[in-house]
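Working notes, structure below.
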Amino acid sequence: MSAPVVDGVVLCRVGGARLALSCHEVEHVAELPQGPIELAVAFGEPAPAEGRALCAAGRFLRVESVDVLATPGLAVLPVPAALSGLAGGALTGFVELAGQLWPLASARGLVEWLTAGPRA
Amino acid sequence: MVDGPKGHLVFACGPGLYAVPAERAAEVVNLPPLTRVPGAGPHLLGVFAHRGEVLPVIDLARLVGKPVDEPFKRVVLVRVPKGAMALTATRVIGVSHLEGALPRLAEAGALAHLHGPARVPAGECAAIEPEGLLDFLARGR
């Protein structure tokens with residue numbers, strides 16, 4: 001069985017945290033609308049005053065900054081067993097870019113989990 | 001329940017002493033920079049990549065409700081058939097043999113996967129049941 005890969009990622013930052021989403025799941029990047037879902041909540045950070053909004057799964061997700069890496073075939077490292085239930089199961093793996101690990105999440109799963117209200 | 005003398009790696013995490021079965025203690029490594037993960041509880045400090053594998057770092061002191069201010073410099077890598085995790089350590093004591101059957105420290109929560117107290121030369125320690133602890137963490141606690 002071949003190792004899982006992801007074709008292009010949207011790299012999101014908020015506070016000191018970072019998160020990757022598959023390019024296929026992000027519809028577009030936009031100016032901030034009213035009442036976006038806050039990625040900061042996923043990391044226990046205060047919501048940034050500014051930022052950009054990603055449109056994914058029909059909702060707007062506020063991030064502090066965003067970059068797109070269109071590289072196809074990025075290797076995805078599996079989620080450790082101890083983290084399998086994290087973020088409502090939205091965490092799907094990790095990608096390693098320039099020596100840094102980036103958590104990779106399902107945009108739909110993340111939006112659903114954040115909309116439902118993560119446990120403290 | 002821990003029964004029969006078995007080799008355990010004993011280490012300190014703040015003032016508390018802990019032991020993991022020696023056959024489950026894969027390695028002790030210096031704590032590298034960590035990557036935060038979404039939805040992490042306060043006991044999950046982050047992850048790091050080690051030999052091509054992503055390892056979660058568990059603040060053992062915080063997990064058992066005894067947080068410490070002391071910075072963690074090392075982690076004990078614990079491996080069970082289902083996966084691996086890194087447990088924070090402020091000091092590694094060495095290998096000791098734990099004698100006798102040890103009761104669980106609690107009926108529920110993380111402490112249900114610790115047994116003791118067990119007497120070792122450095123003092124009293126809690127013996128970690130790594131399989132149960134990993135399952136507990138995987139349930140999203």
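The table below lists the values:
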read-out	value
Residue among A:99, A:109, A:117, A:73 that is closer than 23 Å to residue B:44 by Cβ, at pLDDT 95 or above and not charged (D, E, K, R)	A:109
Residue that is farthest from the other protein chains (Cβ to nearest Cβ) [pool: residues in segment B:98-128 that are open to solvent by 50 Å² or more (accessible area, probe 1.4 Å), part of a loop (DSSP other than H, G, I, E, B) and without any contact (Cβ under 8 Å) to a residue 60 or more places away in the chain]	B:121
Number of the exception - residue B:135 against (1) among the acidic types (Asp, Glu); (2) in a strand (DSSP E or B); (3) surrounded by 15 or more Cβ atoms within 10 Å (Cβ to Cβ)	(2)
Matching residues in segment B:25-80 - criterion: being among the small types (Gly, Ala, Ser), more than 27 Å from residue B:115 (Cβ to Cβ) and open to solvent by less than 10 Å² (accessible area, probe 1.4 Å)	B:46
Residue match in segment B:14-37 (condition: in a loop (DSSP other than H, G, I, E, B), among the polar types (S, T, N, Q) and more than 14 Å from chain A (Cβ to nearest Cβ))	no
Where residue B:118 falls short, out of the listed (1) in contact with a Cys (Cβ under 6 Å, 6 or more places away or on another chain); (2) modelled with pLDDT of 95 or more	(2)
Residue A:68 vs. criteria in a strand (DSSP E or B), surrounded by fewer than 19 Cβ atoms within 10 Å (Cβ to Cβ) and within 13 Å of the chain's Cα centre (by Cα)	yes
All positions within segment A:5-50 that are open to solvent by less than 40 Å² (accessible area, probe 1.4 Å) and touching a Ser or Thr at 6+ places or on another chain (Cβ under 7 Å)	A:6, A:8, A:9, A:37
Selection from segment A:71-119 of residues that are at positive phi and either in a strand (DSSP E or B) or facing another protein chain (nearest Cβ under 8 Å) (or both)	A:87, A:88, A:93
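The values are calculated or read from the model by the stated rules, or taken from the named source; none is laboratory data. All values derive from a computational prediction rather than experimental measurement. All Cβ positions, glycine included, derive from the backbone under ideal geometry; neighbour counts span all protein chains shown. Side chains included, ligands, DNA and RNA excluded: accessible areas come from the protein's heavy atoms. Shrake-Rupley method; radii C 1.70, N 1.55, O 1.52, S 1.80 Å.
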